[in-house]
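Data first, discussion second: the structure below is written as structure tokens.
The values are calculated or read from the model by the stated rules, or taken from the named source; none is laboratory data. Being a predicted model, the structure only gives us computed values, none of them experimental. So basically every Cβ, Gly included, is an ideal-geometry build from the backbone, and we count neighbours across all protein chains shown. We work out accessible area using only protein heavy atoms, side chains counted, and drop any ligands, DNA or RNA first. Shrake-Rupley method; radii C 1.70, N 1.55, O 1.52, S 1.80 Å.
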Amino acid sequence: MTLPDIEALDAADPLSDLRHRFSLPAGKIYLDGNSLGALPKAAMARVEEVVRKEWGHDLISSWNSNDWINLPVTVGEKIAGLVGAAPGQVISCDTVSINLFKLIVTALQLQEGRRVILTQEDNFPTDLYMTEGVGGLLGQQRCTTRTVPADQLLAAMDTDVALLLLTQVNFRDGRLHDIAAITRAAHAKGILVLWDLAHSAGVVPLELDRWQVDMAVGCGYKFLNGGPGAPGFLYLAEKHQNQVNQPLSGWLGHAEPFAFEPGYRPARGVVRYLGGTPGILGLAALDASLDVFAGLDMNQIRAKSSAMTAVFIDGVRSNPICADCQVLTPLAAERRGSQVSLAHPQAYGVAQALIEAGVVVDFRAPDIVRFGFSPLYNSYRDVAAALQQLLRILAEAEYLQARFATRARVT
Ligand SMILES: *Cc1c(COP(=O)(O)O)cnc(C)c1O
């Protein structure tokens, strides 16, 4: 694509003004919003107000006067609007890992007589680790994990399977599952589904109610831009609520926390899935960040995401300089999320050279460079500039330079 083509795409982009709602570092092209979303200006202002006024001045009264106590629910309901969930089914709390634990145990309790959790062998590690943890706790008689390659999932759905646990968009290659179709296939075998939406929420249109999803979890700090370590969320379809207790029976999930009863009596509804006191600073940042989505159409966000990844993929595939790069992400836009993953023998060096050139990407072992595109704050010019830097680094073999060889603890 030529520069005028790129400029025309930006000029016609209905979302182009949204980038002004973010605080973006000058001179950088940020393509890592799939790991840590950029900072919405509203979140900065909100955190400052919560710290100064609500914490500093209003102090303990804020639990009531500033409605801190309901933040997990109010934030959950904002997320519900982005994932196609009617009210009363989403709550924002804890991390994805912890929410997985609570829901995996819930699913096993709902599915008496079935003990297998079916998942994909290249699922995100925490999803695999948490199923291992539940298996270790409950014993293999009650919980065994079956991990298979993606193309064997259907064949592995038998009547021993209690729960199918999948991530919609694979973190390595960006491949996207058809939630509706897979959920239907699982239900036909009496299997419940738990979808991890870490790389979907905020960038892929979701219809959890319509697709009859049983359970889901997702991340607050990726495409929802809630800030480092922002609380995640969980969705539990109404029909599964109030049947079983959740295993992390903390006091804020009690029916009457301030009755201080010695015995646990769970609250009704999804509030039961709260544990201890929520981190208000993190929730407040996420709450303000979600306002960026107010009034936006997820299909419009998805259309821009697909177009940006297409421009990048076409640029890589049409250029002989990129001969050593393999595009791992599906070429069909409807089969990928909002990232492009390139395999390269010197991937770590390529990622580091890009970062030094001001194009912030990340590396995933063993050989992947990930380019994450956020339709809210990335432009088509960003896509073109990232491609240009990639071509330069590959043409000059800059990735071989010694300073790009040392690995940091977080990649
Ligand atoms: C980022 C990510 C997580 C993160 O889990 P946390 O417990 O919130 O750190 C989980 N699952 C997937 C698929 C992810 O991409």
*Starting from the Kirkwood radius over alpha-carbon pairs of the chain, derive D by Stokes-Einstein at 25 °C in a medium of 0.890 mPa s and give it in µm² s⁻¹.*
110 µm²/s
*At 222 nm, what helix-only mean residue ellipticity would the chain give, in deg cm²/dmol to the nearest 500, using -39500 (n - 2.57) for each DSSP H run of four or more?*
-10000 deg cm²/dmol
*Give the long-range amide H neighbours of TYR221: residues separated by 5 or more places, or on another chain, with amide H under 5 Å away, using H modelled in the peptide plane at 1.01 Å from N.*
GLY226, ALA230
*Accessible area in the full protein assembly, largest first, 1.4 Å probe, for TRP55, TRP211, TRP195, TRP251*: TRP55, TRP251, TRP211, TRP195
_Across the chain: Cys residues that no other cysteine approaches within a C-beta distance under 4.7 Å_ = CYS93, CYS143, CYS219
_Given a 1.4 angstrom probe, what's the average accessible area per residue across the chain, in square angstrom?_
43 Å²
_Going Cα to Cα from LYS78, which lysines come in below 28 Å? Please leave out same-chain ones fewer than 8 positions away._
LYS41, LYS53, LYS102, LYS222, LYS239, LYS304
*asked:* How large is the accessible surface of PHE373 in square angstrom, using a 1.4 angstrom probe and rounding to the nearest 10?
replied: 0 Å²
*How compact and how long is segment 290-411, expressed as Rg and Dmax of its alpha-carbon atoms in Å?*
14.8, 48
*Report ³J(HN,Hα) in whole Hz for each residue of segment 397-408, in order, from the Karplus equation J = 6.51 cos²θ - 1.76 cosθ + 1.60 where θ = phi - 60°; Gly and Pro get x.*
6, 5, 4, 7, 5, 4, 5, 9, 8, 7, 8, 7
*What list of ³J(HN,Hα) couplings, whole Hz, do you get for segment 287-303 from phi and the Karplus terms 6.51, -1.76, 1.60, once you set θ to phi - 60° and write x for glycine and proline?*
4, 5, 5, 5, 5, 4, 7, 4, x, 8, 9, 4, 5, 5, 4, 5, 4
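Leaving ligands, DNA and RNA out of it, report the carbon-plus-sulfur percent of the accessible area of the chain at a 1.4 Å probe.
Carbon and sulfur together cover 54 percent of it.
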*Could you give log10 I(q)/I(0) at q = 0.11, 0.12 Å⁻¹ for segment 48-293, computed by the Debye formula over C-alpha point scatterers of equal weight, without solvent?*
-0.56, -0.67
*Amide H contacts under 5 Å for HIS254, placed H, 5+ residues apart*: ALA267
